[in-house]
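*Asks:* Mind looking over this structure? Questions follow.
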Amino acid sequence: MTHIALKNFQMGRQKLKNRAVLAPMSRVSTRGDGIPTIAMADYYERYASGDFGLIITEGTYTDRFFSQAYPNQPGITNAQQLDGWKRTVDQTKQHDTKIILQLMHGGALSQHLSNTRAPSRIEPMRNMLPGYSRKQGRYPIPQAMNLAEIDQVIEGFINSSQKAKEAGFDGVEIHSANGYLLDQFITPYTNTREDQYGGSLGNRIRLTTEITELIRQFHTDDFIVGVRLSQGKVNDFDYLWEGGLEYGRILFNAVANAGATYIHFASEGKGFDHGSLTRNGESLPKLAKEITNLPVIANGGLHHPNESERILNDGHADLIALGTGAIANPDWPRKIERNEEINEFTPDVFQFGVDIDSQMKFEHSQLTTPLDAL
């Protein structure tokens, strides 16, 4: 019997050849100018040639003010960066794979800037992530954003979506998860504002919905506009929404009413059940699917065929996104089709501190299926 992840899927007005999605992963893989490289284009193409139906790129910064989260993070703020992404898009689309650009603002979790911006002047929890920059230790205390700076953020997302369309992307994903700026607005302990962007949950999701609605208005219906949400954060993996299902109901309906094409529920670090369930064990992705009728993407340890099939068959999601599972199995859909052994990801694949070409070659050497055999 064909694995359900291999069946095609209608995403808005775009038809995907299957339900296997490459999850966005911060690879910090440019040369420092934010311009996507040839190595990056080859990196994304390897998943397209491995038969993934949809690729969501790494988080891409949206303006030259305060959005960049990491050194060597790609951007889409100028013509040179746009041209670099166009090469990636062209190579990917040779394999009948759709590709979406994830738009991201680091906010208080920037490891690139010393002068950061956030909803409120609150020091982020825990230390900076190792391996993503030379800066380590505590995050700087951000300055609270004024309304003009919030408008600047909105404009950056809109302009970036237009450049993404020009580069040939099939859509964009608004990164409102994992503790970055838009999630900082949603989260009560990082947002103590008393204006229209603070207070109630409806106000705290406002920046995400305004961006979603405006991007939707700027593009035709065949342009995908997804929104990524999560409970956990890169600096607080164990965080769960305090309101459980009711919290989710408000957020999911707000995103749907703003015109999102899909909801991507991130559950990284400790697997699907850890990040996608409420304190009472209820499935938030399943709730999103039931109350919005939007396509829902789930992730978190779903490279195991039985687990991904359970998530899809039991109605938790419509598509599954693989991150580290895809790094270990860039041809995952083909392996599932052929009933081949699935590799487990091991951390030694990551060699922090080397240039991107060396990193990609090292990852390639760790795989049982070489890229040129796909």
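The values are calculated or read from the model by the stated rules, or taken from the named source; none is laboratory data. Since we're looking at a predicted model, the values are computed, not measured. Methodologically, a virtual Cβ is constructed for each residue, glycine included, from the backbone with ideal geometry; neighbour enumeration extends over all protein chains shown.
*Asks:* Would you mind finding the one in Ile320, Ile336, Ile311, Ile291 that is out of contact with any Lys or Arg (no Cβ under 7 Å at 6 or more places or on another chain), closer than 25 Å to Leu229 by Cα, at pLDDT 90 or above and not in a loop (DSSP other than H, G, I, E, B)?
*Replies:* Ile311
*Asks:* Still on this structure, please answer the following. Being in a loop (DSSP other than H, G, I, E, B), closer than 10 Å to Ile211 by Cβ and within 15 Å of the chain's Cα centre (by Cα), is that true of even one residue in the range 173-184?
*Replies:* Yes; the residues of the range 173-184 include at least one that is in a loop (DSSP other than H, G, I, E, B), closer than 10 Å to Ile211 by Cβ and within 15 Å of the chain's Cα centre (by Cα).
*Asks:* Check Gly232, Gly259, Gly226 and return the single one that is modelled with pLDDT of 95 or more, buried (at least 18 other Cβ atoms within 10 Å of the Cβ) and within 26 Å of Leu319 (Cα to Cα).
*Replies:* Gly226
*Asks:* Residue by residue through the range 1-45, note down the ones that are among the charged types (D, E, K, R), surrounded by 22 or more Cβ atoms within 10 Å (Cβ to Cβ) and outside any loop (DSSP other than H, G, I, E, B).
*Replies:* Scanning the range 1-45 gives a single hit, Glu45.
*Asks:* Does Thr209 meet the test of being at pLDDT 95 or above, β-branched (Val, Ile, Thr) and either touching a strand residue (DSSP E or B) at 6+ places or on another chain (Cβ under 8 Å) or surrounded by fewer than 18 Cβ atoms within 10 Å (Cβ to Cβ) (or both)?
*Replies:* no
*Asks:* While we're here: With in contact (Cβ under 8 Å) with a residue 12 or more places away in the chain and in a loop (DSSP other than H, G, I, E, B) as the only criterion, which of Gly248, Gly259 stands out?
*Replies:* Gly259
*Asks:* Okay, moving on. Could you please find all residues in the range 262-283 being surrounded by fewer than 21 Cβ atoms within 10 Å (Cβ to Cβ) and either over 29 Å from Leu101 (Cβ atoms) or among the aliphatic types (A, V, I, L, M) (or both)?
*Replies:* Residues satisfying the conditions are Asp273, Leu277, Thr278, Arg279, Asn280, Gly281, Glu282.
*Asks:* Could you look through the range 41-71, keep only residues that are touching a residue at least 60 places away in the same chain (Cβ under 8 Å) and out of contact with any Phe, Trp or Tyr (no Cβ under 9 Å at 6 or more places or on another chain), and pick out the one that is nearest to Gly107 (Cα to Cα)?
*Replies:* If we take residues in the range 41-71 being touching a residue at least 60 places away in the same chain (Cβ under 8 Å) and out of contact with any Phe, Trp or Tyr (no Cβ under 9 Å at 6 or more places or on another chain), then Phe66 is nearest to Gly107 (Cα to Cα).
*Asks:* A further question follows. Being at pLDDT 95 or above, touching a helix residue (DSSP H, G or I) at 6+ places or on another chain (Cβ under 8 Å) and over 20 Å from Leu251 (Cβ atoms) is the requirement here; does Ala167 meet it?
*Replies:* Answer is yes for this residue.
*Asks:* Only residues in the range 223-244 that are within 26 Å of Gln136 (Cα to Cα) and assigned to a loop (DSSP other than H, G, I, E, B) count as the first member; pair them with residues that are small (Gly, Ala, Ser) and at pLDDT 95 or above, Cβ under 6 angstrom, at least 6 apart or cross-chain, and list the lot.
*Replies:* Within 6 Å, the pairs are Val234/Gly179; Asn235/Gly179.
*Asks:* Next question, about the same structure. Answer yes or no: is there a residue in the range 156-167 that is farther than 21 Å from Arg228 by Cα, touching a residue at least 12 places away in the same chain (Cβ under 8 Å) and surrounded by 16 or more Cβ atoms within 10 Å (Cβ to Cβ).
*Replies:* yes
*Asks:* Scan (1) of a type in the set (Ser, Thr, Tyr); (2) in contact (Cβ under 8 Å) with a residue 60 or more places away in the chain; (3) assigned to a loop (DSSP other than H, G, I, E, B) for the single condition Thr220 breaks and write down its number.
*Replies:* The number of the failed condition is (2).
*Asks:* Determine whether Thr88 is out of contact with any Leu (no Cβ under 8 Å at 6 or more places or on another chain) and farther than 26 Å from Gly137 by Cα.
*Replies:* It is true that Thr88 is out of contact with any Leu (no Cβ under 8 Å at 6 or more places or on another chain) and farther than 26 Å from Gly137 by Cα.
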